[in-house]
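Asker: Let me begin by handing over the structure; questions about it come next.
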Amino acid sequence: MDPKLSAEQALPPTDDVINRLPGIYYVFDQDGHLLRWNDNFLQATGYSHDEAAQAQVQDFFASVQDQPLIAAKIHQAFIDGHMLTEVALRDRHGERTPYLLNAVRVQIDGKTCLSGIGITGFRRYKEALGSQAGFDELTQLASRDLLNDRIQQAIAYADRSQTMSIVVVIDLDNFKLFNDTHGHEIGDQLLVQLARRLTSCVRNGDTVARHGGDAFVLVLYDQHDDEAIAAWIGRLAERIAQAFVVSGHELFIACSIGISMYPRDGNDVPTLLQHAGLAMNQAKAAGGKQFQFFIPRMNQRIRERLTLQDKLRRAIEREEFLLYYQPQVDLASDEVVGAEALIRWMDPEHGLQPPAKFMAAAEESGLIVPIGQWVLEQACMHNKQLQDAGFDGLSVSVNLSSHQFSPNALAPSIQSALKRSGMAPGSLKLEVSERIVMERPDEAEDMLQQLKRIGVHLTIDDFGCGYSSLNYLQRFPVDQLKIDQSFVQRLADDANDAAITQAIIALAHSLNLKVAAEGVCSKQQLAFLRQHACDEIQGNYFCQAVPFDQLQQLLSRRQEALQ
């Protein structure tokens, strides 16, 4: 007999041999039918010989949720000819035991099968060795520790060969939403398939690593030309964007890619990874589905943003914020019925700053939560002062950020602001952007119901720029739609924007909702909105945003004029 028989040609071992093996032994065909097993297998599962003869592989999976992932691995093993995977096996009493299964493809009686052994207790052994010799457990790619070593090797190679090595950071776009939609098991299967796809795109010697979650890193040697690298990355992005077939379904995912180069963009592992990560974040901020090379000014922008965040923290402590108010006018009576609270920052270094200068940094850092709470409380107290001064029925509108729109925190924070100010809930209008409520409409509906029970008025802001479902709009307990000012500003010049504005007004009224328009700055815009029965307007044509004391003076003058 040829001593170099392949696994597929080899004869199965005898019963005497398999019963002396230290772990479980199994053979199953492509239909999942068990064909052979040893005594250890029966002891581990609690099955009798007759029961094992009737069993299939999935009967031993730990849970239904594990089945798609393990089934995918088994299917791939019949293609690749081998399998090494960790799985929790379930005995007949439901007890779960982790096993490391090692199998090869064999031919038995003309049937293609997988034959292998499984050992338990391997986790303690693996922990002693440390993170499975540097490989990620799910994808079998290089892990973080091994990645650092591979980048260091690439640096050394580039120095010897006088070429470039590049580090590519890949992050999937909206993967959390993908997991929430399809489930984490499907998400894991997609990551495994993506790992194989990335590996097939690189050369022998290059490295593909999983950097945690849905982030991957490529380390490529022997690079010479920026244009060639850009062309290759473009093809890689197209390959990633192709359909993945998971559990019989075609699924698609896009990615953002950042690239740094040695020696141009850094001289050590942390710097190259950081700069590739910054470039990836820049690609994601630009809308995703693209790649960016690192450029030094990205670092400058990061430093400026961190400096701004530090200044905002001090601004909270030093009470450097103040509120301006833009009056809201009822078109039927021409009376001021409310005002929108708009934050400003009195920066000691640069003077009065509008929201566009600092709100993005506040959102990114999470500082928007304490800032937003301050706005809420201050606006309620100011409006209560106006009501006590005789301006009855006046409301105040406050914008909510996505960070504030939190199931557990928002309602208590509003109740606290109302209690401290003594203002009635019906005098507070909360404005939530269309984008925020449509990102998670079911969760948003529950939160809006909570707020409605408090007694506040609810407005969907920036309406018309998102993708609201009419079904959800009917279900949301809102009182008002506010037309996005981009439509209002082009009313006189763009027939499409005029038609959209008219349609929004008609839609709101058909749902028994009030409708407001912001950004009104001309007589023609006002005339159009009057003609089509818009309920409220605000904008510079009537009055710019003013500090609280000027708002008081404006209201007093209008009251005197009416008298």
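Asker: Would you point out which residue out of 535, 549 is among the charged types (D, E, K, R) and surrounded by 19 or more Cβ atoms within 10 Å (Cβ to Cβ)?
Answerer: 535
Asker: Inspect all residues belonging to region 195-213 and state whether any of them is within 22 Å of residue 286 (Cβ to Cβ) and modelled with pLDDT of 85 or more.
Answerer: Checking region 195-213: at least one residue is within 22 Å of residue 286 (Cβ to Cβ) and modelled with pLDDT of 85 or more.
Asker: While we're here: Say we look at region 109-149 and pick out the residues that are modelled with pLDDT of 85 or more and assigned to a helix (DSSP H, G or I); which of these is nearest to residue 45 (Cα to Cα)?
Answerer: Residue satisfying both the conditions and the ranking: 147.
Asker: What's the number of the only condition in (1) farther than 28 Å from residue 376 by Cβ; (2) touching a strand residue (DSSP E or B) at 6+ places or on another chain (Cβ under 6 Å); (3) open to solvent by 30 Å² or more (accessible area, probe 1.4 Å) that residue 268 fails to meet?
Answerer: The failed condition is (2).
Asker: Being in contact with a His (Cβ under 8 Å, 6 or more places away or on another chain) and either surrounded by fewer than 17 Cβ atoms within 10 Å (Cβ to Cβ) or not in a strand (DSSP E or B) (or both) narrows it down to one of 505, 500, so name that one.
Answerer: Result: 505 is the single residue among 505, 500 that is in contact with a His (Cβ under 8 Å, 6 or more places away or on another chain) and either surrounded by fewer than 17 Cβ atoms within 10 Å (Cβ to Cβ) or not in a strand (DSSP E or B) (or both).
Asker: Here's a follow-up. Quick check on residue 427: is it closer than 22 Å to residue 536 by Cβ, touching a residue at least 24 places away in the same chain (Cβ under 8 Å) and in contact with a Cys (Cβ under 9 Å, 6 or more places away or on another chain)?
Answerer: Yes.
Asker: Considering region 367-380 alone, what residues qualify as being part of a helix (DSSP H, G or I) and in contact with a Lys or Arg (Cβ under 7 Å, 6 or more places away or on another chain)?
Answerer: 377 - this is the single residue of region 367-380 that is part of a helix (DSSP H, G or I) and in contact with a Lys or Arg (Cβ under 7 Å, 6 or more places away or on another chain).
Asker: Go through region 165-210 and report how many residues are buried (at least 17 other Cβ atoms within 10 Å of the Cβ), within 22 Å of residue 272 (Cα to Cα) and among the small types (Gly, Ala, Ser).
Answerer: Residues flagged as buried (at least 17 other Cβ atoms within 10 Å of the Cβ), within 22 Å of residue 272 (Cα to Cα) and among the small types (Gly, Ala, Ser) within region 165-210 amount to 3.
Asker: May I ask you to list the residues in region 394-410 that are out of contact with any Gly (no Cβ under 8 Å at 6 or more places or on another chain) and open to solvent by 30 Å² or more (accessible area, probe 1.4 Å)?
Answerer: Once the filter is applied, which keeps residues that are out of contact with any Gly (no Cβ under 8 Å at 6 or more places or on another chain) and open to solvent by 30 Å² or more (accessible area, probe 1.4 Å), region 394-410 yields 399, 402, 406, 407, 408, 409.
Asker: While we're here: Mind listing whichever residues of region 466-512 are basic (Lys, Arg) and more than 17 Å from residue 523 (Cα to Cα)?
Answerer: Within region 466-512, 475, 482 meet the criteria.
Asker: Let me ask something additional. Taking interchain pairs and intrachain pairs at least six residues apart, which have beta carbon atoms under 6 angstrom, with the first residue in region 174-191 and free of Cβ contacts under 8 Å to residues at least 40 places away in the same chain and the second small (Gly, Ala, Ser)?
Answerer: So the pair list comes out as 179/187.
Asker: If we only count strands (runs of 3 or more DSSP E) wholly inside region 159-276, which ones have 3 or more residues that are farther than 25 Å from residue 439 by Cβ?
Answerer: Passing ranges, in order: 164-172, 207-210, 215-223, 255-262.
Asker: Where in region 287-364 are the strands (runs of 3 or more DSSP E), entirely inside, with at least 3 residues that are over 26 Å from residue 428 (Cα atoms) and open to solvent by less than 90 Å² (accessible area, probe 1.4 Å)?
Answerer: In region 287-364, the matching strands (runs of 3 or more DSSP E) lie at 291-293.
Asker: Hey, can you tell me all the residues within region 376-393 that are open to solvent by 10 Å² or more (accessible area, probe 1.4 Å) and under 30 Å from residue 560 (Cβ atoms)?
Answerer: Scanning region 376-393 gives 378, 381, 382, 384, 385, 387, 388, 389, 390, 391, 392, 393.
Asker: In this structure, does residue 250 turn out to be within 18 Å of the chain's Cα centre (by Cα), more than 22 Å from residue 144 (Cα to Cα) and among the acidic types (Asp, Glu)?
Answerer: When the stated conditions are applied, residue 250 does not pass them.
Asker: When you check residue 281 against the structure, is it outside any helix (DSSP H, G or I), over 28 Å from residue 380 (Cα atoms) and open to solvent by 40 Å² or more (accessible area, probe 1.4 Å), yes or no?
Answerer: For residue 281, the condition - outside any helix (DSSP H, G or I), over 28 Å from residue 380 (Cα atoms) and open to solvent by 40 Å² or more (accessible area, probe 1.4 Å) - is not met.
The values are calculated or read from the model by the stated rules, or taken from the named source; none is laboratory data. Remember, predicted model here, so these are calculated numbers, not experimental data. Quick reminder, even Gly has a Cβ in these numbers, built from the backbone with ideal geometry, and neighbours come from all protein chains shown. Ligands, DNA and RNA are stripped out before the accessible areas are found, and what is left, the full protein with its side chains, is counted by its heavy atoms. Shrake-Rupley method; radii C 1.70, N 1.55, O 1.52, S 1.80 Å.
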